[in-house]
1. Among the residues of the stretch 65-80, what is the count of those that are open to solvent by 60 Å² or more (accessible area, probe 1.4 Å) and in a strand (DSSP E or B)?
2. How about the stretch 81-109: which of its residues are crowded, with 18+ Cβ neighbours inside 10 Å and in a strand (DSSP E or B)?
3. In the stretch 9-60, what count of residues is obtained for those that are of a type in the set (Lys, Arg) and modelled with pLDDT of 90 or more?
4. Cβ-Cβ below 7 Å, separation at least six or inter-chain, first residue in the stretch 285-305 and in contact (Cβ under 8 Å) with a residue 12 or more places away in the chain, second among the polar types (S, T, N, Q) and open to solvent by less than 80 Å² (accessible area, probe 1.4 Å): which pairs?
5. Output the residues belonging to the stretch 1-42 that are open to solvent by 70 Å² or more (accessible area, probe 1.4 Å), within 30 Å of Ser168 (Cα to Cα) and of a type in the set (Gly, Ala, Ser).
6. Please find, within the stretch 281-316, the residue that is most open to solvent (accessible area, probe 1.4 Å) out of those that are within 19 Å of Gln187 (Cα to Cα), within 21 Å of the chain's Cα centre (by Cα) and of a type in the set (S, T, N, Q).
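The values are calculated or read from the model by the stated rules, or taken from the named source; none is laboratory data. The model shown is predicted, which means the values in this text are computed figures rather than measured ones. Cβ atoms come from the backbone with ideal geometry, glycine included; neighbour counts cover every protein chain shown. Only protein heavy atoms, including side chains, enter the accessible area calculation; ligands, DNA and RNA are left aside. Shrake-Rupley method; radii C 1.70, N 1.55, O 1.52, S 1.80 Å.
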Amino acid sequence: MNKAYVPKEYTTQSAFDASTQLRSHFGFHHLNTEKSAFNYLDRVYQFGDFQLIEISITGSTEVKHYKNPDNYEFDFPMEGYFLIASKEQTTKVTNQGVFITSPGIKPHFTLPEGITALVLQIRADHLESALSKMVGFKTEKGLCFPVSIENRAAVECVKTALGGIIQSLQTIKSADLRAQYAKDADQYLKTLLLTVLDNSAQALINTSNHPPLPKVLKCADTYMHENIHKKITMADLIQVTRVSSRSLTYSFKKHTQKTPMSYLLDLRLMRLRKALLTAKSDTKILDLSMSVGLTHLGRMSLAYKNRFGELPSETLKQFEK
């Protein structure tokens, strides 16, 4: 029988009970709160590899973690703010930012006025597996997200997607359609987190334990990034790196498993995907494609689908930004 999705909901005014509930989500911690004004509420949504928690805490609260689950966690304040203590520095994260914890990090933070937030969790191995598929090799170390990001456009893009997912899970009554939607949402969010909340495909590669590129490849890579909107030929790369075509190709294949031009195409496609994920629905794909040096729409669409399994137009339409 088809019926609407109902998230798990929990509420209490007991600091002890709230601490027990928080432990089930976020690991072992110590919680201090103004008990006279304290109220705790959460709603939990499960889809794909993700757990999404709508959480609301009333009253000044302090949380110090001692042990975290092996998850990446993305905390988006909707109302109120986090104060994160890190060494001798305190960082304020508002509703224009995101507070990120990685496996092994034990954050100490306070909520001076309470908070309403969206908390997105995913097991480390699942997100790292998605990264490996994106960059084309198996990562040997975890991602290195910063503790906080204050990039309003990037944060709003992810928050809008999360809001759309919550709404869709609640309104789709067919269990089969909801399961397919959850699968699509899972893949979309992984891509979004790994592209929008990080700098670029190259930044993702650099977060792993991948051997550093030799000097000649770094030179070529920098030139590609700085001139990605222009036509770049093998002759340009030879001139910049001052090595022969054979040496340059050999070095690229040895260290990236790609030819120089395949490596360049991959950079262009990743830059295009990042732009599509944050673009408005009426954006012209040709304009974005031209801006990253992909001037032939037909060849670009074929290469994009081979790389990501969908057309650029399908990426642009996802979750109605």
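1. The number of residues fulfilling the criteria is 4.
2. Of the stretch 81-109, the ones crowded, with 18+ Cβ neighbours inside 10 Å are 81-82, 84, 93, 95, 97-102, 107, 109.
If the condition is that a residue be crowded, with 18+ Cβ neighbours inside 10 Å and in a strand (DSSP E or B), then Phe82, Ile84, Val93, Val98, Phe99, Ile100, Thr101, Phe109 are the ones that fit.
3. The qualifying residues number 1.
4. Between residues of the stretch 285-305 that are in contact (Cβ under 8 Å) with a residue 12 or more places away in the chain and residues that are among the polar types (S, T, N, Q) and open to solvent by less than 80 Å² (accessible area, probe 1.4 Å), the close pairs are Ile285/Ser313; Leu297/Ser289; Met300/Ser289.
5. Ser24
6. Selected residue: Ser313.
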